[in-house]
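Participant: Could you have a look at this structure, given as structure tokens, before my questions?
The values are calculated or read from the model by the stated rules, or taken from the named source; none is laboratory data. Small disclaimer: the values here were computed from a predicted structure and weren't measured. Cβ sites come from the backbone with ideal geometry, for glycine too, and all protein chains shown count toward neighbours.
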């Protein structure tokens, strides 16, 4: 595997891990009512976690688009 492919794969893994981390934290709030009671800013916290999830998802989409452009002409614009 070329270095460029390894870097791209590493980025995909990083962003997927960020998505998974945010998803797990969100699910913990929904499934663990005891933890929710201890957290006074629940809405703001969940909003931040959803933002974290969406940002990672956007990075994945952007990287896929960029990789597709690289594969077409061999360069990054």
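Participant: Residues in segment 43-56: is at least one closer than 30 Å to residue 4 by Cα, modelled with pLDDT under 95 and more than 18 Å from the chain's Cα centre (by Cα)?
Facilitator: no
Participant: Report yes if some residue within segment 26-34 is within 13 Å of residue 56 (Cβ to Cβ), exposed (fewer than 11 other Cβ atoms within 10 Å of the Cβ) and either within 18 Å of the chain's Cα centre (by Cα) or modelled with pLDDT of 95 or more (or both); otherwise report no.
Facilitator: No - not one qualifying residue is present in segment 26-34.
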